[in-house]
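Values quoted throughout were computed directly from the atomic coordinates according to the rules given, and no laboratory measurement underlies them. The model shown is predicted, which means the values in this text are computed figures rather than measured ones. Quick reminder, even Gly has a Cβ in these numbers, built from the backbone with ideal geometry, and neighbours come from all protein chains shown.
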Amino acid sequence: NAQAKSYSFQAEVAQLLHLVTHSLYSNPEIFLRELISNASDACDKLRFEGINNGALYENDPDLHVRISLDKDNKTITISDNGIGLTESEAIDNLGTIAKSGTKDFMSKLTGDQKNDAQLIGQFGVGFYSGFIVADKITVESRKAGEPASNGVRWISGGTGDFDVEQITKESRGTDIILHLRDDAVEYLEAWKVKQIVNKYSDHISLPIQMRKEVWQEAEEGADAENAEGKMVLTDEWETINSASALWTRNKKDISDEQYTEFYKQFSHDFEAPLAWSHNRVEGSTEYTQLLYIPAKAPHDLFTREQKSGIKLYVKRVFIMDEAENLMPSYLRFVKGIIDSADLPLNVSRELLQESKDVRTIREGNARRVLSLLDSLAKSEDKEQQDKFATFYKEFGAVLKEGLGEDFGNKDKIAKLLRFASTNTDDVTVSFADYKANMKEGQDAIYYLTAESLAAAKNSPQLELFKKKGIEVLLMTDRVDEWALNFLTDFDGTPLQSVAKGAVDLGKLQDEEEKKAAETAAETLKPTLDKLTDSLKDKAKEVRVTTRLVDSPACLVVGDQDLSPQLVRMLKQAGQ
Ligand code: ADP
Ligand code: MG
């Protein structure tokens, strides 16, 4: 055997470990969830690579996770026969922080011990969660397809460094051996472990197994201590979870808690989702969809790199994360799982772009999310309404992109939009509400876009509308101007920007006002001509208007022109 070599943890890992081992834990049992999740990932990876290389299964095709408890040595071991780790993978993957979820977690740390400990409890910090309950972790692994002599042992006490040596390991996969702290020995009780697995990992599609226990009666003439019989371990392994992927189960067999737990685990979100939709879609393209609306927008929602939150499975085999073609970009906040019955197992990202099935799935997903949102929006239930309000606050601006992106669902999207108006500062007015509140004779939905609500409310463009008591929708999202270009009407009523062209209030305008304006236009013609001439590089036309009440003048743009808002936006974007 080669000599063990010592390595130092990446600085961030050392920092994280310090926190893990020196904080209080609001929820220590999550270590098991994290380690089982890694074991399950390792089996997924083997299954995926095994599609093209069956030899990787060796003679051990039934993938599983096994948990062994050793009371004498105070260890709990989580073993899998998944893909395994080579020596260099163990050094790289267990010594650095690679996953974005953990980085995210680190960025949320406040320095306040109690607060941070709670974060760990809700979120987990992957493999390092083991150090919540262990003062030493031994990892023994052998990569699928490698000879037994190419095994690796990795040992660390969770401080600054870890040791690595080459070992011989017959069985494929990874054993994580936790040497429990004295205050964590409760996890040596089988019932306790089963309870935790049941709570956090029941949805894992892999069998999670423990040694079967049987009751042994006391022997005849036994001493007092053994007079009552006892539980003894057998050699038999017993599966302790449901071992079917959550989304493959019948809806009515899944509790809200299970849906929520599953969401938190696969999405790395520590807040519960607002809502979800779970369906088996049949027809020319068959697939199962389980889609969640998160309660909080990620900080990078508006960056171009924002990844899709959809995981793709094909016939239960995990294929890829961030499968961007399965959800339109304006619904990129949705997280979930698609399990297709039709796509080939070796589907690539390139192939996904061209597939007709993928297009069908994407359209089906969009419809499903929009109808889920619609049901929240129109619910009579206060709790559901609040959920919609939360959704809208977090994701409303992204949803609007759909007006331009998803022509077929434009009307459904428009129905979900909410705005502030001259009647309320709250962003709660729908187009339908607006229409219900229109004046007798009013035949357009009036809106104004501006940089802020204050700017909108003080705009001279509104004077006439205020005077006549006509409601105007006030739009202050950057995307509004662009998005509203794609919506010419709502339910047959045209949308009209009050900042564009000559607003014709039609029947709402007094005949007298119109006459007065016409007369003024005539008598003031020389003045107007002079103004038009002297402003000729700055304004196209100067004209008399009836839209102002208090202000002497205001700027408007032509019907066909870009609004000042949009011009500013394009300039900012460097166009
Ligand atoms: P994540 O699971 O999000 O990648 P973790 O901290 O949980 O982050 O795990 C870090 C890495 O360690 C994994 O990405 C994987 O490469 C490796 N690893 C952990 N557990 C196992 C295992 N049981 N089998 C194979 N690799 C593992
Ligand atoms: Mg993990």
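Axis angle, to the nearest 10 degrees, between helix 113-123 and the longest C-alpha principal axis of the chain: 80 degrees.
Taking other C-beta atoms within 10 angstrom as a stand-in for reagent exposure, 371, 171 fall in the order 371, 171, fewest first. Separation of the alpha carbons by more than 23 angstrom is noted, of 378/435; 335/393; 192/315, for 192/315.
Could you work out how far helix 382-405 tilts from the main Cα principal axis of the chain, as a 0 to 90 degree angle to the nearest 10? Between helix and principal axis, roughly 70 degrees.
A Förster distance of 35 Å, applied to the separation of the beta-carbon atoms of residue 485 and residue 199, puts the FRET efficiency at 0.10.
Between the Cα long axis of helix 11-22 and the first principal axis of the chain there is an angle of about 70°, rounded to the nearest 10. Normalised by the number of residues in the chain, the mean separation of alpha-carbon contacts (under 8 Å, six or more apart) gives a relative contact order of 9 percent. With all projection directions averaged, the alpha carbon convex hull of the stretch 143-185 covers 3.9 nm².
Mean separation of Cα pairs under 8 Å and 6 or more residues apart, divided by the residue count, gives the stretch 224-379 a relative contact order of 19 percent. Per-residue 3J(HN,Hα) values for the stretch 531-538, derived from phi via the Karplus relation 6.51 cos²θ - 1.76 cosθ + 1.60 with θ = phi - 60°, read 4, 4, 5, 6, 9, 5, 7, 10 Hz in sequence order (x marks Gly and Pro). Take every Cα pair under 8 Å whose residues are at least 6 apart in sequence, average their separation, divide by the length of the stretch 302-392, and the relative contact order is 23 percent. In plain terms, the residue of 368, 172 with the fewest other Cβ atoms within 10 Å comes first and the most crowded comes last, giving 368, 172. Database remark: amide H of residue 314 closer than 5 angstrom to the amide H of 319, 340 (H placed geometrically; neighbours at sequence offset of 5 or more, or on other chains; Pro and chain starts carry no H). The rule of thumb for compact globular proteins, 2.2 N^0.38 Å, goes into the C-alpha radius of gyration of the stretch 388-537 1.19 times.
Over the chain, the pair-distance histogram of Cα-Cα distances with 20 Å bins from zero comes to 17, 40, 26, 13, 4, 0, 0 percent, rounded to whole numbers.
Are any of the pairs 457/530; 264/311; 387/415 more than 25 Å apart by Cα-Cα distance, and if so, which? The answer is 457/530.
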